[in-house]
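The values are calculated or read from the model by the stated rules, or taken from the named source; none is laboratory data. What you see is a predicted model; the values in this text were computed from it and never measured. Here the Cβ positions follow ideal geometry from the backbone for every residue, glycine too, while neighbour counts run over all protein chains shown. Just the protein is used for accessible areas: all its heavy atoms, side chains included, with ligands, DNA and RNA removed. Shrake-Rupley method; radii C 1.70, N 1.55, O 1.52, S 1.80 Å.
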Amino acid sequence: MITCPQCGQAAADSEKFCARCGQGLAPATPSPAGLRPIPAGTVLKGGFEIVELIAQTSDENRYRATRKRDGKAESFQLRERLGPGPRDGASEPAQLPIAASAAPQTVPAPQDDPNGPHAKTAELKMPPQGAAPVAAADQAADAAAAGLAAADEQSPAAEQPEPAAANDRADTAAIASGNGAATGTALAAAFPDRVEAPSGDLGDLFGRVMSLSLTVTYNTFVKALEGFANGDRVYLVYPDEKLTALSRHRNPMREYDAIGAAVQVCQAIGYMNRRGLRLNDICPESIAYASDGRIRITSLDSVSNDLEIQSDPIFNDGYTAPEIYRGKAVDKRADVFSAGCLLYTMLTSERIASESWREEAGPVSFYPPHVMSPALEQVIRRAIAFRKEDRWRNADAMKAELVRLNSVVRLRSGGLTDVGMVRELNEDSLMIVEYSRDSQVEAAESYLYVVSDGMGGAEAGEMASAIAVATIREYIGAKPAIELRADPGAHLQAALEAANRKILDYAAEHPQSKGMGATGVAILALPPQAAVAWVGDSRGYLYASGELLQVTKDHSLVQRLVEIGQITPEEARYHEHKNVITRSLGARQQGPAGAEVVTLKLKRGDRLILCSDGLTAHVEDREIMEVIARHRDPLEAARELVVAANAGGGTDNISVIAVFAE
């Protein structure tokens, strides 16, 4: 029997978790004393000098080390295990050069609970009596990272690796299922242009990992650079990357970010599966973020043949497929199961409560307390189905559905117009038209946003801006959705030109309105497509990836002076002719108004701003960005921008529309 150290509950020797409190249980037999680390300053074969011990388990140490080449010191990480040769049980290094300072090293106590909800079953072991606490080896690479990087914004679907050739599948499958002792020589013969045989016999595990590192080309995997034997120990050399383990992300992730990470994991699984291999070890401890925000898979230790049942498989409770527990036939759908469990953890910060999948335990609970989109929940439920026949047929099929879900963009908006602090009349007009039809037969959605700044006085300015927004709506509303989607930019540009003709016609029929005109800036969005068209100095901005970009270019005199180098952008803000525009709706009696257009592809998290020059006259771009980034509600963002413009003087009418893509 085992006694739980947390609550004192008795449990059978075979139990891994306490039934009362969930605490991980230590094995009934004493834990091994561990592989004694070598001291800092030790120089190993190949010129690697140990700097510090950064992680330790009972049978493996990991160090940070340096090596000088061409007068420059490079930093690496080393994994260390006892070699495959005859041993008498001693774990002392054989004939290692020891530095003068040979004081024993200890590893700082890990901040993460090794028995917590993200722990590997293989690591659920108590440290030996009197020994320093140790951390799991797979956590070492992320020890120096400062925080969790954001998921890469680029579409991961574009990085789909090419299908493996038949001989590539055969080679990698043979490597994964071999004994590892002679793989270095075999690889050197098979791939003479790419592989340098490891120095010495690395043993089964390190030999297999080294072989996979030399043949796996997909950069998502953290691969060993070289391997060598030194005395009675063997080593693998890795880049000294700053990685942050997914297990350190304690809060639930946003759906967009979680899906993006899961897509990258599915791509890596698909790469291996097409080569006849399974990863087997997919859990928050073996998945990490690199400094560039990309997902990295940190362990190749458990890769095996697609159809092979490992004699000693890893059981990651909450992530390992039921058929592995039950000793049944296993194929690539076991990795699909693990990917589904991993996505569940990303979204909930919990692991699926499946202490043993030996028999079906009923459906997994999502709500309450976890709330996620129904379509995403169905993806996960299919991935973690108890029967492998009910799961996604492979990781690529699961990835395709996740990519589809992440391409769905919904827009929320808020708009406000104000007379300002000086003017008596508000000659600005704004319009928000949002249309959505959800149907299995013909789903459709479109979003139209317009800001127009009227001019001309004697009630002509407000009439010109009103005509502009009404005409743009009428023109776009008359076009079939299929035509708009084919080229939204061309149709929006044509709508502004139609508004120009309407204003000219009105001025011709009403002589008292001679000289009337308006600027105009508009967005037509059919997610993920969007177009921004404009005439005059009303502006459109895009806030994405922490930066604010002005997507329109003012049709104004000062903008022209900036372009030819006569004044700087800073001088343009205070130039005496800053209000002189070179194009407007209603300005030219003949010919087009000269509307311009740019097209965008929206993604979740993007934010758009349309505004009249009453905002930009008093609020700098830096301040606009700070307000947009701070608010979660687009109406609140628009309101603060109007208030900020009034606080800066409010010398003109102010109109703002904020659009958030979600």
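Out of segment 650-662, which residues are of a type outside the set (Ser, Thr, Tyr) and open to solvent by 30 Å² or more (accessible area, probe 1.4 Å)?
Going residue by residue through segment 650-662, those that are of a type outside the set (Ser, Thr, Tyr) are 650, 652-654, 656-662.
Correct list: Glu662 only.
Here is a yes/no grid of residues against (1) within 22 Å of Arg573 (Cα to Cα); (2) in contact with an Asp or Glu (Cβ under 6 Å, 6 or more places away or on another chain):
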| site | (1), (2) |
| --- | --- |
| Pro592 | no, yes |
| Val598 | no, no |
| Thr616 | yes, no |
| His631 | no, no |
| Leu635 | no, no |
| Leu641 | yes, no |
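Tell me which residues, restricted to segment 616-640, are closer than 13 Å to Leu416 by Cβ, crowded, with 19+ Cβ neighbours inside 10 Å and touching a residue at least 60 places away in the same chain (Cβ under 8 Å).
Result: Pro634, Ala637, Ala638, Arg639.
Residue by residue, here is whether (1) under 24 Å from Asp331 (Cα atoms); (2) touching a Pro at 6+ places or on another chain (Cβ under 8 Å); (3) without any contact (Cβ under 8 Å) to a residue 12 or more places away in the chain holds:
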residue	(1), (2), (3)
Tyr256	no, no, no
Tyr271	yes, yes, no
Leu277	yes, no, no
Val303	yes, no, no
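Which ones in segment 521-549 are open to solvent by 10 Å² or more (accessible area, probe 1.4 Å), over 26 Å from Gln590 (Cβ atoms), in contact with a helix residue (DSSP H, G or I) (Cβ under 9 Å, 6 or more places away or on another chain) and not polar (S, T, N, Q)?
The answer is Arg539, Tyr543, Gly546, Glu547, Leu548.
So how many residues does segment 560-596 have that are surrounded by fewer than 21 Cβ atoms within 10 Å (Cβ to Cβ), touching a helix residue (DSSP H, G or I) at 6+ places or on another chain (Cβ under 8 Å) and among the aliphatic types (A, V, I, L, M)?
Residues in segment 560-596 being surrounded by fewer than 21 Cβ atoms within 10 Å (Cβ to Cβ), touching a helix residue (DSSP H, G or I) at 6+ places or on another chain (Cβ under 8 Å) and among the aliphatic types (A, V, I, L, M): 5 in total.
Which one is surrounded by the most Cβ atoms within 10 Å (Cβ to Cβ) among residues in segment 480-493 that are under 13 Å from Ile523 (Cα atoms) and of a type in the set (A, V, I, L, M)?
Leu492
What about Gly276, is it among the small types (Gly, Ala, Ser), over 17 Å from the mean Cα position of the chain (by Cα), open to solvent by 10 Å² or more (accessible area, probe 1.4 Å) and closer than 22 Å to Leu82 by Cα? Walk me through how you get there before you give the answer.
Details: among the small types (Gly, Ala, Ser): yes; over 17 Å from the mean Cα position of the chain (by Cα): yes; open to solvent by 10 Å² or more (accessible area, probe 1.4 Å): yes; closer than 22 Å to Leu82 by Cα: no.
Taking the combined requirement at face value, the residue does not satisfy it.
Is it true that Val422 is touching a residue at least 40 places away in the same chain (Cβ under 8 Å), open to solvent by 70 Å² or more (accessible area, probe 1.4 Å) and closer than 30 Å to Ser612 by Cβ?
Details: touching a residue at least 40 places away in the same chain (Cβ under 8 Å): yes; open to solvent by 70 Å² or more (accessible area, probe 1.4 Å): yes; closer than 30 Å to Ser612 by Cβ: yes.
Criteria met by Val422.
Yes/no per residue for (1) under 23 Å from Ala638 (Cα atoms); (2) of a type in the set (Val, Ile, Thr); (3) in contact with a helix residue (DSSP H, G or I) (Cβ under 8 Å, 6 or more places away or on another chain); (4) at pLDDT 95 or above:
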| residue | (1), (2), (3), (4) |
| --- | --- |
| Asp428 | yes, no, yes, yes |
| Ser439 | no, no, no, no |
| Glu442 | no, no, no, no |
| Ser452 | yes, no, yes, yes |
| Ala499 | no, no, yes, yes |
| Lys502 | no, no, yes, yes |
| Thr519 | yes, yes, yes, yes |
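Just checking: which of the strands (runs of 3 or more DSSP E) contained wholly in segment 583-662 hold 3 or more residues that are under 17 Å from Asp428 (Cβ atoms)? Let's see the steps before the verdict.
Working: elements: 596-601, 607-611, 654-661.
Output list reads 607-611, 654-661.
Please go through segment 585-635 and give me each residue that is more than 22 Å from Gly461 (Cα to Cα) and among the hydroxyl-bearing types (Ser, Thr, Tyr), ordered by number.
Thr599
Of all residues in segment 179-233, count the ones that are open to solvent by less than 30 Å² (accessible area, probe 1.4 Å), farther than 21 Å from Ser286 by Cβ and modelled with pLDDT of 90 or more.
4
For residues that are over 17 Å from Ile609 (Cβ atoms), in contact with a strand residue (DSSP E or B) (Cβ under 9 Å, 6 or more places away or on another chain) and open to solvent by less than 50 Å² (accessible area, probe 1.4 Å), tally how many sit in segment 430-455. If you could, list the steps in order and put the result at the bottom.
First, pick out the residues of segment 430-455 that are over 17 Å from Ile609 (Cβ atoms): 433, 435-446, 454-455.
Okay, now just the ones that are also in contact with a strand residue (DSSP E or B) (Cβ under 9 Å, 6 or more places away or on another chain), so 433, 435-438, 443-446, 454-455.
Okay, now just the ones that are also open to solvent by less than 50 Å² (accessible area, probe 1.4 Å), so 433, 444-446, 454.
Result for segment 430-455: 5.
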